[in-house]
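The values are calculated or read from the model by the stated rules, or taken from the named source; none is laboratory data. It should be emphasised that the depicted structure is a prediction, and the values quoted were computed from it without experimental measurement. Ideal geometry is used to build each Cβ from the backbone, glycine not excepted, and the neighbour counts take in all protein chains shown. Just the protein is used for accessible areas: all its heavy atoms, side chains included, with ligands, DNA and RNA removed. Shrake-Rupley method; radii C 1.70, N 1.55, O 1.52, S 1.80 Å.
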Amino acid sequence: MDNENTPSAAARRQFLADTARMACGVGLLGLGVGLYARHAKALPPAAIRPPGALPETDFSAACIRCGLCVRDCPYNILHLAKPEEPMSTGTPYFVARQLPCEMCEDIPCVKACPTGALDHSLKDINKSKMGLAVLVDHETCLNFLGLRCDICYRVCPVIDKAITLDPQTNARTGKHTLFIPVVHSDHCTGCGKCEKACPTEVASIKVFPLYMAKGQLSAHYRLGWVEKEKAGGSLVAPDVEHQYNMPEGMKYESGKGLSGSPGAVPPAPTPPAPVGLPKAFQGGKL
Amino acid sequence: MNSPLKAPPIRPGVEAVAAKGWFAAHKWLILRRSSQIGILLLFLVGPWFGLWIVKGNLNFSYTLNFLPLTDPYVILQSVLARQVPEKLALTGVIIVLLFYLLVGGRSYCSWVCPVNLLTDAAYWLRVRLGLKGSAHISRPTRYWMLGMTLVAAAVTGSIAWEMVNPVSMMHRGLFFGLGLAWAVLLAVFLFDLFVMRHGWCGHLCPVGAFYSLIGKFSLMRIKLPARDACNDCMDCFAVCPEPQVIRPALKAIAGTPPLILEANCTNCGRCIDVCSKDVFAFGTRLNRTVASVAGAPQAEPK
């Protein structure tokens, strides 16, 4: 009995030991691969995906790293990530400061994608959301300094929609206007032309992946003026008129500014003392 | 595991060269290298000369804007990561699956995969340097690796293995920029050279493991129409990257027909080259009766 059983028992032990060794070794390797893949799910800020790219979590599952989008890009702006780059190896991206997306109307990169990692339902390049431009540095932006650089505004393929120039008083000189470039997220495609063209040594306007660039209001937030317009009138009835404390003879109207002169003294009606306030706040003697 | 009857020769194929001449004794090797290098060149003339015959890489390629070819293994991982690919990629999967069902799953390894050039070079050098000894990892480890990559895809929701896969890293790197992938490839080369004989392709690579599963059912096989003529020179065992696949068919163990039916035969054809007795030939899995057609009695199991 023993003589017959011993070899098979030894063989069984050997088999189990081998299997355990293999499973542990491969399991450890798998753990490493899994953690590495997890880390690579956050796209580095300078890397912008081609138009129509699925959200990053889906993209790393749908993109099979074939590089067809790279090949069909007529301007050669796309690269496939190398192993040492901090993103999924072999996935496509571009760096706006080097070469921005030229926003081809027929979107050849999306058409080339065999898996739909670049979403084929994107037909209008102006609707793409590769990223979002952010005027990151108000201290170096030439327009913020009071110059009429305007380059980002001029090169924007969606001019006057994605970037507008909003006039503001130049408080430094007291008599000039600042033309502040303002990016509007509903029209910005994230092509990166503004970042490429920005003349400061390091770009003052940069394109970031959407998840970095865009904030989000809490779901319960309501904008009073929007609600007021929807309702066709004030929701807090009655709308109380604001009282201004002006020197005698002066008048202030919202939107029109000051009027009148301090000399002319129309008999100002004494505002009735508000009821319920402590005496100290009623202007009377204590 | 192979259990050779005597030590394999250091320079296999000497007898075959003497019997058949150099070219006949290297025919399949030359064809195979031409195929491997030819495929690389087809991909390279695009980026080098702007001649776009094939675009893409082994994960997905598009030939003449007409023929889509997709790696079924990478699509399987994508599906496990919960993404359904578009029609073009799926068409490519079907074409590739049908092709390898015809020519043998692991033909991919020996006729297409660029890493094979690297590991074959490592093995060649290993033999020339007379490096003995090899780490022991059992051959089925590759199926654990395959399982691990599929689990990793499902758990991380991404094609995780593509982050580190030396096969696609090498092929993609040659056409799109290698980066530090050369270090990974050097590691594979050195592993095969110093640590383990046929280590990567023969024991660990999950891509090969996947294609071997297709090979279980594939039509084209190595047949042994003249297995009775075998003179036990051991040359075939010495050149075969998966020597365990030869023995059952060559020695008719447990009534095995004169066919290499093992899924891990890579159909490289090197055994055909080095056999001075012409025991081996390409055939199909239907060629079960070749030995009896030749009128020779079946060899007794030894």
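What does the structure give for B:163-171 when I average, per residue, the other chain Cβ atoms found within 10 Å of the residue Cβ?
For peptide B:163-171, the averaged partner shielding equals 4.
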Qualifying lysines (Cα of each under 17 Å from Cα of B:LYS132; at least 8 residues distant if same chain): B:LYS6
Can you pull the mean other chain C-beta count within 10 Å for peptide A:145-156? 0
For segment A:212-259, state which chymotrypsin sites (Phe, Trp or Tyr not before Pro) are in a DSSP loop and have at most 12 other beta carbons lying within 10 Å of their beta carbon. A:TYR221, A:TYR244
At a 1.4 Å probe radius, which order do A:VAL240, B:VAL79 fall into by accessible area, largest first? A:VAL240, B:VAL79
Take chain B, connect every pair of alpha-carbon atoms lying under 10 Å apart with a spring to form a Gaussian network, then pick out the residue of B:ASP71, B:ASP232, B:ASP192 with the largest mean-square fluctuation. B:ASP232
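By accessible area of protein heavy atoms, probe 1.4 Å, what ranking do B:ILE137, A:ILE77, B:ILE94 get, highest first?
Reading off the accessible areas and sorting them downward yields B:ILE94, B:ILE137, A:ILE77.
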Which value, in debye to the nearest 20, describes the size of the charge dipole of chain A about its Cα centre when Lys and Arg Cβ atoms bear +1, Asp and Glu Cβ atoms bear -1, and nothing else is charged? 340 debye
Buried accessible area for the B:A pair, summed, 1.4 Å probe, in Å² rounded to 100? 3400 Å²
Whichever lysines have a C-alpha closer than 23 Å to that of B:LYS87, once near sequence neighbours (fewer than 8 apart) are set aside: A:LYS111, A:LYS123, B:LYS55
Contour minus end-to-end for A:MET246 and A:THR140, with contour as 0.36 nm per residue of separation and end-to-end as the Cα-Cα distance? 34.2 nm
Measure out, as a whole number of angstrom, how far apart the alpha-carbon centroids of segment B:136-185 and segment A:220-236 sit. 56 Å
Using a Förster distance of 22 Å, how high is the FRET efficiency between B:LEU180 and A:LEU35, based on the Cβ-Cβ distance and rounded to 0.05? 0.75
Counting heavy atoms of the protein chains only and a 1.4 Å probe, report the per residue accessible area for the protein assembly as shown as a whole number of Å². 52 Å²
How much of the DSSP bridge set in the protein assembly as shown is antiparallel, in percent, rounded to the nearest 5? 95 percent
Shielding by partners - mean other protein chain Cβ count within 10 Å, residues of B:173-181: 5
Taking only Cα atoms and a 10 Å spring cutoff, compute GNM fluctuations for chain A and point out the largest among A:PRO181, A:PRO247, A:PRO51. A:PRO247
For chain A, what is the calculated [θ] at 222 nm in deg cm²/dmol (nearest 500), taking -39500 (n - 2.57) for each run of four or more DSSP H residues and dividing by its residue count? -8000 deg cm²/dmol
Choice from A:HIS138, A:HIS79, A:HIS242 showing the highest fluctuation, given a GNM over chain A with Cα pairs closer than 10 Å: A:HIS242
Burial ranking of peptide ranges A:13-21, B:259-267, A:163-171 (average Cβ count within 10 Å, highest at the top): B:259-267, A:163-171, A:13-21
Solvent-accessible area lost in complex, 40 Å² minimum, residues of segment A:97-138 relative to chain alone, 1.4 Å: A:PRO114, A:THR115
What residues have an amide H closer than 5 Å to that of A:VAL134, excluding those fewer than 5 places away on the same chain, when H is modeled at 1.01 Å from N in the peptide plane? A:LYS206, A:VAL207, A:PHE208
Distance between modelled label sites at A:ALA231 and B:GLU86, nm, 7 Å Cα→Cβ extension: 4.8 nm
Once ligands and nucleic acids are excluded and a 1.4 Å probe is used, how much of B:LEU40 is accessible, expressed in Å² to the nearest 10? 20 Å²
So if we plug the beta-carbon distance of B:ILE94 and A:VAL202 into 1/(1 + (r/R0)^6) with R0 = 60 Å, what FRET efficiency do we get, rounded to 0.05? 0.75
I'd like the antiparallel share, as a percent to the nearest 5, of DSSP beta bridges with both residues in segment A:131-213. 90 percent
At a probe size of 1.4 Å, how large is the accessible area of B:ASP278, to the nearest 10 Å²? 80 Å²
The FRET efficiency for B:LEU102 and B:LEU213, from their Cβ-Cβ distance with R0 = 22 Å and rounded to 0.05, is 0.90
How large is the accessible surface of A:ARG222 in square angstrom, using a 1.4 angstrom probe and rounding to the nearest 10? 150 Å²
Taking the Cα-to-Cβ direction at A:ARG12 and at B:ILE37 and moving 7 Å from each Cα, how far apart do the two end points lie in nm? 5.5 nm
For A:LYS41, the lysines lying under 17 Å Cα to Cα, once residues fewer than eight places off in the same chain are dropped, come out as A:LYS82
Can you compute the helix-only [θ] at 222 nm over chain B? Use -39500 (n - 2.57) per DSSP H run of at least 4 residues, normalise by all residues, nearest 500 deg cm²/dmol. -13500 deg cm²/dmol
Counting only chymotrypsin sites (Phe, Trp or Tyr not before Pro) that sit in a DSSP loop (anything but H, G, I, E, B) with at most 14 other Cβ atoms within 10 Å, what is the longest stretch of chain B containing none of them? B:67-216
Given labels modelled 7 Å from the Cα in the Cβ direction, how far is it in nm from A:SER259 to B:ASP278? 11.4 nm
For segment A:131-213, what number of Lys pairs, 8 or more residues apart or on separate chains, have alpha-carbon atoms under 24 Å from each other? 5
